[in-house]
Amino acid sequence: MSREKPRNLAASVRQRLFNLAQERHEDFGLVLTRYGLERFLYRLAQSQYRDQFILKGALLFELWTHHPYRPTRDLDLEGQGENSIARIKRLFIEIMGQAVEDDGLVFDHKSLRVARIKEEQEYEGLRANLVARLERAKITMQVDIGFGDVIVPAPKEIQYPALLNFPSPRLRAYPREAVVAEKLEALVKLGMANTRMKDFYDLWKLSQDFDFDGSLLTDAIEATFARRGTELPTGTPLALTDEFARDAQKARQWQGFLNKSGLDHEQATLHSVASELATFLVAPLQAAQAALPFAFNWPKGGPWHRGAASA
């Protein structure tokens, strides 16, 4: 019933990942990291702690779009419960040692480092760095864990796509509306100090590739801003204005992000992206600020209109 496993499974997996990277014209190191993160997620999903963490961040875009999105070497999770370094170390060591079907990876629990992070006034969280080995390949991974956020709408159970023919992780994940709300809150709070160009890119791609129910999005915005203690603005946030988008330093940061991420084929300028994001975000943001219903729907690419949401 089951196929006979190769004598050196790790070498076989490494070769298959190399072939996949060549087929997709992707960096082999990134594919290895993506595999490592996927198999860590699988171990998490098989462990007793699967309900203690919710998937968020850039890896979600591969789930939603079914193809590689922007390169990432990180895994983002929302954690439940106590946010102590000692607790996360204990949980991660158990997750790394979770018994699963052999996938060629060996996680090194001695490599685990957990530290507290607080970047650009974002919600405080923890960062775990860990190493796994696939034959002679050393795969370094980073897992950022946030705590304390409210997630509206509620997280959904998902099946994360596997690169190879190994079992897929099944776990809870952020809905798109909550992703938009959190990234929008950061744009509003950081203002001109914002250097997180990946947030502009992610929000723009979400607006271009997906439909949104205005009522759900407004609820997510209200809940996120309230939980994070950020005041809802009455006008257009600075980060979505011409002043921000035409700033020379911001333009350089945008182009630097595109170049570093291998997205320099994108023709979008920061100015055009900010303008399109204003069309997408200002109306529901103002509805949330005024506590008014927002009975509009956004078809991918926009604009907002009244009527039934797309299936």
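State yes or no: is Tyr69 assigned by TED's automatic domain parsing to the domain that holds Asn165, at pLDDT below 95 and in contact with an Asp or Glu (Cβ under 9 Å, 6 or more places away or on another chain)?
Working: assigned by TED's automatic domain parsing to the domain that holds Asn165: yes; at pLDDT below 95: yes; in contact with an Asp or Glu (Cβ under 9 Å, 6 or more places away or on another chain): yes.
Considered against the rule, which asks whether it is assigned by TED's automatic domain parsing to the domain that holds Asn165, at pLDDT below 95 and in contact with an Asp or Glu (Cβ under 9 Å, 6 or more places away or on another chain), Tyr69 comes out as yes.
Quickly run through region 67-87 and pick out the residues that are touching a residue at least 12 places away in the same chain (Cβ under 8 Å) and touching a strand residue (DSSP E or B) at 6+ places or on another chain (Cβ under 9 Å). Steps first, please.
Of all residues in region 67-87, those touching a residue at least 12 places away in the same chain (Cβ under 8 Å) come to 68-81, 83, 85.
Arg73, Asp74, Leu75, Asp76, Leu77, Glu78, Gly79, Gln80, Gly81, Asn83, Ile85, listed by residue number.
Conditions tested, residue by residue: (1) free of Cβ contacts under 8 Å to residues at least 40 places away in the same chain; (2) touching a Cys at 6+ places or on another chain (Cβ under 6 Å); (3) among the hydroxyl-bearing types (Ser, Thr, Tyr).
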{"residue": "Ser47", "(1), (2), (3)": "no, no, yes"}
{"residue": "Gln52", "(1), (2), (3)": "yes, no, no"}
{"residue": "Leu59", "(1), (2), (3)": "no, no, no"}
{"residue": "Thr65", "(1), (2), (3)": "no, no, yes"}
{"residue": "Leu91", "(1), (2), (3)": "no, no, no"}
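Let's see how each residue does on (1) within 18 Å of the chain's Cα centre (by Cα); (2) within 15 Å of Leu41 (Cα to Cα):
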residue	(1), (2)
Leu75	yes, yes
Ser84	no, no
Arg90	no, no
Arg113	no, no
Arg127	yes, no
Glu135	no, no
Gln142	yes, yes
Val150	yes, no
Ile158	yes, yes
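Taking Pro284 as the residue in question, decide whether it is in contact (Cβ under 8 Å) with a residue 24 or more places away in the chain and in a helix (DSSP H, G or I). Write out each step before concluding.
Details: in contact (Cβ under 8 Å) with a residue 24 or more places away in the chain: yes; in a helix (DSSP H, G or I): yes.
Yes.
How many residues, within region 32-63, are aliphatic (A, V, I, L, M) and either assigned to a strand (DSSP E or B) or not assigned by TED's automatic domain parsing to the domain that holds Phe147 (or both)? Walk me through it before giving the result.
Kept after step one, since they are aliphatic (A, V, I, L, M), are these residues of region 32-63: 32, 37, 41, 44-45, 54-55, 58-60, 63.
Going one step further and asking which of them are either assigned to a strand (DSSP E or B) or not assigned by TED's automatic domain parsing to the domain that holds Phe147 (or both), we end up with 54-55.
Number of matching residues: 2.
Restricting to region 244-281, what's the tally of residues that are in a helix (DSSP H, G or I), charged (D, E, K, R) and more than 23 Å from Ala181 (Cα to Cα)? Quick ask: steps written out before the conclusion?
To start, the set of residues in region 244-281 that are in a helix (DSSP H, G or I) comprises 244-245, 248-260, 270-281.
When the remaining residues are screened for being charged (D, E, K, R), the result is 250, 252, 260, 276.
Keeping just the survivors that are more than 23 Å from Ala181 (Cα to Cα) gives 252, 260.
Count: 2.
Might you check whether a residue that is in a loop (DSSP other than H, G, I, E, B) and either closer than 19 Å to Phe53 by Cα or within 16 Å of the chain's Cα centre (by Cα) (or both) occurs anywhere in region 183-204? So that I can check it myself, show each step before the final result.
From region 183-204, those in a loop (DSSP other than H, G, I, E, B) are 194-196; that's our starting set.
Within this subset, residues satisfying the condition of being either closer than 19 Å to Phe53 by Cα or within 16 Å of the chain's Cα centre (by Cα) (or both) are 196.
Scanning region 183-204 turns up at least one residue that is in a loop (DSSP other than H, G, I, E, B) and either closer than 19 Å to Phe53 by Cα or within 16 Å of the chain's Cα centre (by Cα) (or both).
I need the full set of residues from region 160-171 which are within 17 Å of the chain's Cα centre (by Cα) and either over 30 Å from Leu217 (Cα atoms) or surrounded by 18 or more Cβ atoms within 10 Å (Cβ to Cβ) (or both), in order please.
Listed by number, the residues that qualify are Tyr160, Pro169, Leu171.
The values are calculated or read from the model by the stated rules, or taken from the named source; none is laboratory data. As the structure is a computational prediction, the values presented were derived from the model and not from experiment. Glycine also receives a Cβ, built like all others from the backbone with ideal geometry; neighbour counts cover every protein chain displayed.
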